[in-house]
Structures are given as C-alpha cells and as structure tokens.
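The values are calculated or read from the model by the stated rules, or taken from the named source; none is laboratory data. Because the structure is predicted, anything quoted here is derived from the model rather than measured. Using ideal geometry, Cβ is built from the backbone for each residue, glycine included, and neighbour counts are taken over all protein chains shown. When the accessible area is computed, the model is the full protein with side chains, heavy atoms only, and any ligands, DNA or RNA have been set aside. Shrake-Rupley method; radii C 1.70, N 1.55, O 1.52, S 1.80 Å.
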Amino acid sequence: MKRIFENIIIALKSLSSNRLRTFLTMLGIIIGVGAVVAVMGVGAGAEASIIGDIQSIGANVITIYPGKEGASDTKGMKRFGGDEEEEETVKGDLYLDDVYALKREAQLLNEVVPVYAGGDTISYLSWSGQTSIIGTTEDFLIVQGYEIDEGTFFTESDIANMSNVVVLGDTVVSDYFGKINPVGEIIKIDGKNFTVIGTVKSIGASFRMSPDDTVYIPITTAQNKLYGVDTINYILAKAVSEELVDEATEEIKGVLRTQHSILPGGSNDFILSENTQILEMASTISTTLSVVLGGIAAISLLVGGIGIMNIMFVSVTERTKEIGIRKAVGAKNRDIMVQFLTEGIVLSFLGGVLGIGFAYLITWAIGSFMTAIITATPIILALSVSSAIGLIFGIFPAMRAARLHPIDSLRYE
C-alpha cells in the first residue's frame, strides 16, 4: 500500500512538471466524460419529468381518444393460440353522452371528465393574445391533480346553463393581470365576455400541454358558444385504484361498445391509453436516446485514450536516462512498468474528475430550458471508465519503459 502511494506521488510530481501538456492530454478525457455524464443526466431528467407529470395525474387515469382508421388499440387485444395481436380501430367520435354513460354504468371509475381542447384570442383591456382553451367539467381538477389558487372552479350548474365563466392558469394571470387579483374581472374570448371566477395554482410544464398558459371554461360553453361542435377531443377516466386499471379498461370498452352500437366482432371506434403505457414508452425512448447519444459522446473517450498513450510514449522517451538510473540502483522491470501505469491511470482519473465538473457546468447552462439530473451511477461509471482507459492505453508505453536496457538508457542523450 505504501508503494502505491509513493507511485501516485511520483506520478503527480511528474505530471505537474509540465502542466500545459498534462492539461491538453487530459482534454479528450474531460470532454468525453463531461459529454457522457451530461447526456445521461439529460436522459434521466427527461424521464423524471415525464414520471412526475404522470404521477401528478395518477397512474390510474385512463385516456379515451376517438378512433382513427387503421390505428391500433393496444388495450384491446385479440388472443389467438396464446399470442396477442393488436386490435385495429375504425374512425369514430366521442360525445358528452359517452361521458354520461360511463358515469352511469361503470362501477370501477371514480371520475369521468370530457375535454375539448382548442385555442383562441383572449383580451383584457388593451392586452390580447392567443392562448389554449380547455372546455371541461367540474371534476377536471380532481382528475388532473390541480389546485385552485383564488376563487372557485365552475360547477355543474355552470355546465348545465352554458355559463360564460372562466378559470385562468397561472401564466395567463401573470401576463394579463400582473399582481392584480383577476377574480370578478371580465375578459373577452373570441370577442365574447367571460367572468373570471378563479385561478389555478402554477403547475409547470407538462408533456401533454402547458397548463399554466391555459384557460378553463365549461365544456358546454366551449361546444355551443365558441366552436359550434358536439364532439369532444378525449375523455379522462380515473379508476378507483391502480390495481384495477386493467379491469376498469375492460369495463370502459364494454360500456362504449354498447353506447356506440358496435356488434360483436366489430372494431372499436375509440382508443384507450393508460398512463402506465405512456410511462413505459417514455422510459424506453429516454433510455435508448441516452445509450445512443452516450455512445456517440464516448468516442471522445477513445480519442482521449489515444492521446494519453501518445503522451506516455513521449514521456518514456524523455525519461529514458531516469529509467536507466532507477534500474542501475535496483529497480525491477515490474517497478518501472507499475510507475508508468500509475501515471497513465492518475492522468485519466484526474481528467475524469474534471470531466464531471464539466458535466455539471453543461447541465447548469442548459438548466433554464431542460431538466438534467446527474446521479451517482454515471459519475462512478465515468471515473471507472476513465481509469480503465488510463490502464489500457498506458500498458504499451509502460511495457516499453520496462524493457529498456539500463546501460543503453544511461547512454541516452
């Protein structure tokens, strides 16, 4: 152990004797490790962000979309001889009557919420701009996990009466009202007056939409007074528990097939999607991207290793006389080899440490528009790989140094 520490100290002294060359040699390792750790951090951050979005809603939320010609319903599987085949859907629409049927007949659902998503011009006094419009019902906040900040959300009575009431997202409040409490104020949506009855607490970015830059109105008001439609974009259904999601999905299929008068053997005209499916897909994509991009970034580690091997060969040549003196006073080939291997490992390990610092700098720089999480795993992996590179690419220079003849080395000028 004492000899190992002595070799490390000698290696540090040797590397510090030419700091600029040492830094330039480490640069490939620094960039490689920094890029790999940063890419893995961005991948982990993206996955964590999606997981956070889904968990905020709940893994027991099932989304129902209108059917599309040729689309596959991954939750509607036909089994043939034990194998599973995706059941194709046909084009269809969803209506408020579907929501009422699910509320009335489905026993495994707590809440069922229709959503009509659109966009329109809103204005207040002299300010105006485009924003997202969500037409929905009184249970929307419960299903999504949002909270009211000021005022209230609209009620079942507002939906029945097609009331011109609106609830504002946090960004809309900031953009149009600043520090003024907007509750009770009148805004215009597509030129029509709406009374602000509440505001929603800030939610942050979501993979599905930007809820803070959204206004919420009764679904009937959106359909009849703004867009002139009787269809809805999708339905959010919350199962009583995560364990019963599959059973709830089958129940939804049964209710909607009856509601849409679909005969046995006929294709569904709706598509079901569970949040767990989205989570699995997002996790797979995130992992694949991290591996691919990390592999590309790791090429610079190979370049850095070649640089270390090159500079170690130069170092062996420069220190030929020193090697001869050490051998003359009793140093064995193994001692010389271990010394130069130690220098290669120390050089690449220090590059790895600086590379991790570089990765933190990268993630800090992109932190304003992208989430990045650096965990212990990529750090340990990066230091291990960088040390291994120093060992692998330091072997040949170390072997060359160990094989030098002491007499020839002492005569070297």
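Only one residue of MET309, ILE187, SER14 has its Cα farthest out toward the positive end of the dipole of the chain, where Lys and Arg carry +1 and Asp and Glu -1 on Cβ, and that residue is SER14. Taking a sphere under 15 Å around the Cβ of TYR227 and counting the other residues whose Cβ falls inside, with K and R at +1 and D and E at -1, yields a net charge of -2. Helix-only arithmetic for the chain: the sum of -39500 (n - 2.57) across DSSP H runs with n ≥ 4, divided by the residue total, places the mean residue ellipticity at 222 nm at -18000 deg cm²/dmol. Quick check for you: which residues of region 120-135 have the amide N under 14 Å from the point 7 Å beyond the Cα of ILE180 toward its beta carbon? Taking a point 7 Å out along Cα→Cβ of ILE180, the residues of region 120-135 whose backbone N falls under 14 Å are 123-128.
Put simply, when 249-260, 334-345, 28-39 are sorted by average Cβ atoms within 10 angstrom per residue, most first, you get 28-39, 334-345, 249-260.
Relative contact order of the chain, taken over Cα pairs closer than 8 Å and 6 or more residues apart, is 29 percent. FRET efficiency for the TRP127 to VAL292 pair, using the beta carbon distance and R₀ = 51 Å, is estimated at 0.70.
When the residues LEU226, LEU354, LEU94 are ordered by accessible surface, computed with a 1.4 Å probe over the protein chains alone, the sequence from largest down reads LEU354, LEU226, LEU94.
PHE194 sits among other residues whose Cβ lies under 12 Å from its own Cβ, and their net charge, with Lys and Arg +1 and Asp and Glu -1, is -1.
With all protein chains kept in place, the per residue accessible area of the chain amounts to 50 square angstrom at a probe of 1.4 angstrom. Once the chain from ASP97 to VAL314 is taken as fully extended at 0.36 nm per residue, the excess over their C-alpha distance is 70.1 nm. The Cβ shell under 15 Å around GLU150 holds other residues with a net charge of -3, Lys and Arg each +1, Asp and Glu each -1. Eigenvalues of the alpha-carbon gyration tensor of region 312-413, scaled by 5 and square-rooted, set the equivalent ellipsoid semi-axes at 40, 12, 8 angstrom, largest first.
Cross-link pairs exceeding 27 Å in C-alpha to C-alpha distance, out of LYS192/LYS238; LYS2/LYS327; LYS192/LYS253; LYS91/LYS238; LYS68/LYS253; LYS68/LYS201, comprise LYS192/LYS238; LYS192/LYS253; LYS68/LYS201.
For the chain, return all DSSP H helices satisfying: extent of Cα atoms along own axis at least 15 Å; mean Kyte-Doolittle hydropathy at least 0.5. Flagged H segments are 2-16, 19-57, 275-318, 333-366, 376-402. Modelled label positions at ARG19 and SER202, each set 7 Å beyond Cα in the direction of Cβ, lie 4.3 nm from each other.
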